[in-house]
Amino acid sequence: MTVSSFFNRASRVLSSSNFLFLCTLSGGGVVAYSESQTGAERPSIQATEPSKKKVVVLGTGWAATSFLKDLDASLYDVQVVSPRNYFAFTPLLPSVTCGTVEARSIVEPVRNIIKKRKGEINFWEAECIKIDSSNKKVFCRSNIDNLVGSGEFSLDYDFLVVAVGAQVNTFNTPGVKENCHFLKDVEDAQRIRLSVIDCFEKAVLPSITDQEQRSILHFVVVGGGPTGVEFAAELHDYVLEDLIKLYPTVKDKVKITVIQSGDHILNMFDDRISSFAEQKFTRDGIEVQTGCRVIGVDDKVITMKEKSTGEVCSVPHGLVVWSTGISTLPVIRDFMKEIGQAERHVLATNEWLRVKGCEEVYALGDCSSITQRKIMDDITAIFEAADKNKSGTLTIEEFQEVVDDIVLRYPQVEHYLKQKHLRDFSTLWKDLQGNESKEIGIEAFKLALCHADSQVKSLPATAQVAAQQGAYLARCFNHMDHAEENPEGPRRFSGSGRHKFLPFRYRHLGQFAPLGGEQTAAELPGDWVSMGHSTQWLWYSVYASKQVSWRTRVLVVSDWTRRFIFGRDSSRV
């Protein structure tokens, strides 16, 4: 066949074909064709993205904000519900009560936080009024005034993250809700600030007697924990450095009293810090009454009872700040009844922060408490898993193979060894006579670990715990698909395989207790206690660095600087 005849035949074949063949684009590999005569169009084939799991987050506090900041929102359909459209740096609330720091300096709008995240996060300013775990729904209601319509709506979820926090615990003491100030939210701090100024303005009126002035300027703090102590210290500095200059006629009539039911203030700190705080308050003229329980509060008098003698006394007051702990919110109490936890004070979760009885519900922060599983509940299963040859005894080599998983699953074992100053796990193999045993049976194995569960302790309801829980859960959500195929957690002693994730481990980074007069006490990792002026500067640097944004960081530092130069503002605005 000649070359010309080949091209003629090829031309006839192409002209008679019903298809136009197009090869395209930069080394392409993309081939498209269309029908040349009928004009019919083929339906386009598009790859459909699988629907994302719906994650509903309740709250905008420490736990929820930490979760949202670290979550890869592009993996989920995320919706946030909270009655407050901001995050507040709550450790600085006592500073807000006295104008050391302005309220707006410690809050960051939630929408500023979520807009910086990868993916889309929707926020609804509303309050959750009911959790229906059986149908995977949350029912919400807007608390915005003058809203057209009911403002009620519901949201479906695949995963629910409950981080609504808690409310102040009044212990059902008569008159507390009506006559006391709380210090839980920014609004509380602002009300206290106005009330302090009102007390001074009222005390200097010409018609007020000397005795009435002393009553009006008696500020009572109920609760000797970190919040109550810090507020008392802030108020003392405010009075000493600013208010007595503005109200010189009543400077000798101001009194601050801290009432504590326990034997010492700051009893969750090291004993050295408690003693230092009490001594400093005594020098500053702040009265500390320990071993007293408040049994009633009215608008003019607070009544308390001494535990040791049973004596009841009443003291006039001008302002009472109630800071005695937290209790569960009504929506959480209703949810606990629904899932069979009605007898508890807070939501019980496992070590992976999942609410017990609800596979798709997680709880973080003050509204929940981790229930650490006891090693003695699984001791037989652990022994059988370690005893590979089923001999009924364990060698130290067999035990060493499961030691790492035991420590990960039951952290109380590690705490127990540290408390007993045991160097390593081989020490547990000493028999009662103090001799090394080559093999041990089930009873000796139980005996070696039976005291470890005594080290199980509840985590404190602090911002530090909540923030770490939020970051931990976000990491779990980010790696959920990968962990399905490659679990990273400890082995399941009572089942097969491994847990998907490592259990949550709280890492204590220390805690501060500002005591006024530019002095702070700190309890830091490694059993290190620091007190004095240098610790105050450490407090400044840590709290500035922990702000949620550069905007709040700059505002807080500028407020501290303003206070040093110009003092605190006493305007009633």
Among the candidates 253, 300, 280, residue that is in contact (Cβ under 8 Å) with a residue 40 or more places away in the chain, open to solvent by 80 Å² or more (accessible area, probe 1.4 Å) and farther than 30 Å from residue 160 by Cβ
300
Quick test of your reading of the structure: residue 363 fulfils all but one of (1) of a type in the set (Gly, Ala, Ser); (2) in the same structural domain as residue 161 (by the TED database); (3) modelled with pLDDT under 95. Name the failing condition by number.
(3)
Of the residues in region 442-471 that are open to solvent by 60 Å² or more (accessible area, probe 1.4 Å) and under 26 Å from the mean Cα position of the chain (by Cα), the one that is nearest to residue 69 (Cα to Cα) is 461
Do we have any residue at all in region 458-469 that's in contact (Cβ under 8 Å) with a residue 24 or more places away in the chain, touching a helix residue (DSSP H, G or I) at 6+ places or on another chain (Cβ under 6 Å) and more than 25 Å from residue 78 (Cα to Cα)?
yes
Please state which of the following conditions residue 474 fails to meet, knowing it meets all the rest: (1) in contact with a Phe, Trp or Tyr (Cβ under 8 Å, 6 or more places away or on another chain); (2) open to solvent by 70 Å² or more (accessible area, probe 1.4 Å).
(2)
Please go through region 523-543 and pick out each residue that is in contact with an Asp or Glu (Cβ under 6 Å, 6 or more places away or on another chain) and aliphatic (A, V, I, L, M).
529
Could you name every one of the helices (runs of 4 or more DSSP H) located completely within region 76-192 that has at least 1 residues being open to solvent by 50 Å² or more (accessible area, probe 1.4 Å) and touching a strand residue (DSSP E or B) at 6+ places or on another chain (Cβ under 9 Å)?
110-114, 176-179
It is to be established whether one or more residues within region 251-261 are in a helix (DSSP H, G or I) and under 30 Å from the mean Cα position of the chain (by Cα).
no
Taking region 528-545 and keeping only residues that are out of contact with any Lys or Arg (no Cβ under 9 Å at 6 or more places or on another chain), open to solvent by 20 Å² or more (accessible area, probe 1.4 Å) and either hydrophobic (A, V, I, L, M, F, W, C) or in contact (Cβ under 8 Å) with a residue 60 or more places away in the chain (or both), one is left with 528, 537, 538, 542, 543
Only residues that are β-branched (Val, Ile, Thr) and part of a loop (DSSP other than H, G, I, E, B): list them for region 194-211, please.
204, 208, 209
Tell me yes or no: at least one residue of region 305-327 is under 20 Å from the mean Cα position of the chain (by Cα), more than 26 Å from residue 477 (Cα to Cα) and among the hydrophobic types (A, V, I, L, M, F, W, C).
yes
Which ranges mark the strands (runs of 3 or more DSSP E) fully within region 326-428 that have 1 or more residues being open to solvent by 40 Å² or more (accessible area, probe 1.4 Å), over 30 Å from residue 162 (Cβ atoms) and of a type in the set (A, V, I, L, M)?
none
Across region 270-298, the tally of residues that are at pLDDT 95 or above and in a loop (DSSP other than H, G, I, E, B) stands at 4
Of the residues 208, 216, which is surrounded by fewer than 19 Cβ atoms within 10 Å (Cβ to Cβ), modelled with pLDDT of 95 or more and more than 28 Å from residue 564 (Cβ to Cβ)?
208
Subset of region 66-75 [in contact (Cβ under 8 Å) with a residue 60 or more places away in the chain, part of a helix (DSSP H, G or I) and open to solvent by less than 10 Å² (accessible area, probe 1.4 Å)]
67, 68
Looking only at region 429-457, how many residues end up being at pLDDT 85 or above, of a type outside the set (A, V, I, L, M) and either in contact with a helix residue (DSSP H, G or I) (Cβ under 9 Å, 6 or more places away or on another chain) or not in a helix (DSSP H, G or I) (or both)?
7
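The values are calculated or read from the model by the stated rules, or taken from the named source; none is laboratory data. None of the values given here were measured: they were computed from a predicted structure. Counting neighbours? That spans all protein chains shown, and the Cβs are built from the backbone with ideal geometry, glycine included. Side chains included, ligands, DNA and RNA excluded: accessible areas come from the protein's heavy atoms. Shrake-Rupley method; radii C 1.70, N 1.55, O 1.52, S 1.80 Å.
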